[in-house]
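Chemist: Right, I'll just put the structure down here and ask away after.
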Ligand SMILES: NC(=O)c1ccc[n+]([C@@H]2O[C@H](COP(=O)([O-])OP(=O)(O)OC[C@H]3O[C@@H](n4cnc5c(N)ncnc54)[C@H](OP(=O)(O)O)[C@@H]3O)[C@@H](O)[C@H]2O)c1
């Protein structure tokens, strides 16, 4: 089975979850001859997934370990079907914790495998969200151009509407873009940006009020939100207790000094710091920590080999 078929299967499984379609739980599933996701007979070598009522899609028993690792990474995201917006954060950082150099240059901190992963995460989510600093510095497209899958809606946090309109997210027409702003700081919105939806969100403690934010996302049917950076934006979600999942890819790179990744108000004692339930994946030369914050008091996923002590991920 090649990676394109596996990814295609996951996208279809994700689509079923998004559409609330419940499979027949007694059967194994995979791609049929028409590349559609369907129930396959026992012993069919194309079987990749099974359905469990309490979890959703799980990998079919007995598949080879390389495929298993790939499924382990994406199935928890594939199964997300929230009642309120679900936020997944991601940052790629060097060994010293910086996500960009002091001048803001960050292309690329992590390797091509992690960049591909970002595109896959975008394809799994309804929206990709970034802060004004990232859009200004990187001029990203925030599309899925390196993988199969639809472009998500792009959300830009630009409270002062300070970003120039020639940037890709406003001008390339590759995907819908929503810009969230603070109407108390802006006099000539909301129609400042032609063809782009601007949405006023009230501020609280210098951040968008999260209740209003989640209700606007809900209204737009944007339920899975991939918060792709930068550090201030991801940290804001983490500090507010809104992140359901945090992925940090660590590259064997030393930046010396630069833009910080996660930055929260400090704690006095280690026992008061956040120690997160996690899984670890090797991604080319990088290591990805995939942390589940939905249930910080307990482990919530089936495979907890990492928790039992020292184990090899490479
Ligand atoms: N390695 C990586 O994974 C990665 C990923 C993305 C970006 N980057 C790099 O990170 C740097 C940018 O990161 P950054 O931390 O400086 O900036 P950022 O997070 O991209 O943007 C921060 C700005 O977005 C707005 N914002 C964010 N959260 C908000 C909230 N909750 N409510 C209201 N407004 C909010 C504010 O805009 P105002 O300033 O207008 O108030 C804030 O100053 C760039 O150098 C980029 O290349 C690296």
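Chemist: Could you tell me which of the residues 245, 279 is surrounded by 20 or more Cβ atoms within 10 Å (Cβ to Cβ), away from the ligand (no atom under 16 Å from the Cβ) and either part of a strand (DSSP E or B) or on the phi > 0 side of the Ramachandran plot (or both)?
Modeler: Numbers: 245 fails: away from the ligand (no atom under 16 Å from the Cβ).
None of the other options fit; the residue is 279.
Chemist: Shifting gears a bit: Does residue 54 fit the bill of being in a strand (DSSP E or B) and free of Cβ contacts under 8 Å to residues at least 60 places away in the same chain?
Modeler: Answer is no for this residue.
Chemist: Oh, and also: Look through the stretch 74-132, keep the residues that are assigned by TED's automatic domain parsing to the domain that holds residue 294, part of a helix (DSSP H, G or I) and out of contact with any strand residue (DSSP E or B) (no Cβ under 8 Å at 6 or more places or on another chain), and return whichever of them is surrounded by the fewest Cβ atoms within 10 Å (Cβ to Cβ).
Modeler: Ranking the qualifying residues of the stretch 74-132, first place goes to 112.
Chemist: With respect to residue 135, determine if the residue is under 15 Å from the mean Cα position of the chain (by Cα), within 15 Å of the ligand (Cβ to nearest atom), closer than 21 Å to residue 208 by Cα and at pLDDT 95 or above.
Modeler: Working: under 15 Å from the mean Cα position of the chain (by Cα): no; within 15 Å of the ligand (Cβ to nearest atom): yes; closer than 21 Å to residue 208 by Cα: yes; at pLDDT 95 or above: yes.
The answer is no for residue 135.
Chemist: Take the stretch 52-87 and flag every residue that is farther than 18 Å from residue 7 by Cβ and out of contact with any helix residue (DSSP H, G or I) (no Cβ under 7 Å at 6 or more places or on another chain). Please lay out each step first, then the result.
Modeler: The first filter runs over the stretch 52-87 and keeps only residues farther than 18 Å from residue 7 by Cβ, leaving 52-55, 61-62, 81-87.
Within the stretch 52-87, 52, 53, 54, 55, 61, 62, 82, 83, 86 qualify.
Chemist: State the number of residues belonging to the stretch 62-114 that are touching a residue at least 60 places away in the same chain (Cβ under 8 Å) and either away from the ligand (no atom under 16 Å from the Cβ) or closer than 15 Å to residue 48 by Cα (or both).
Modeler: Selection size over the stretch 62-114: 17.
The values are calculated or read from the model by the stated rules, or taken from the named source; none is laboratory data. Bear in mind that the values here come from a model prediction, so they are computed numbers and not experimental data. Virtual Cβ from ideal backbone geometry, glycine too; neighbours counted across all protein chains shown.
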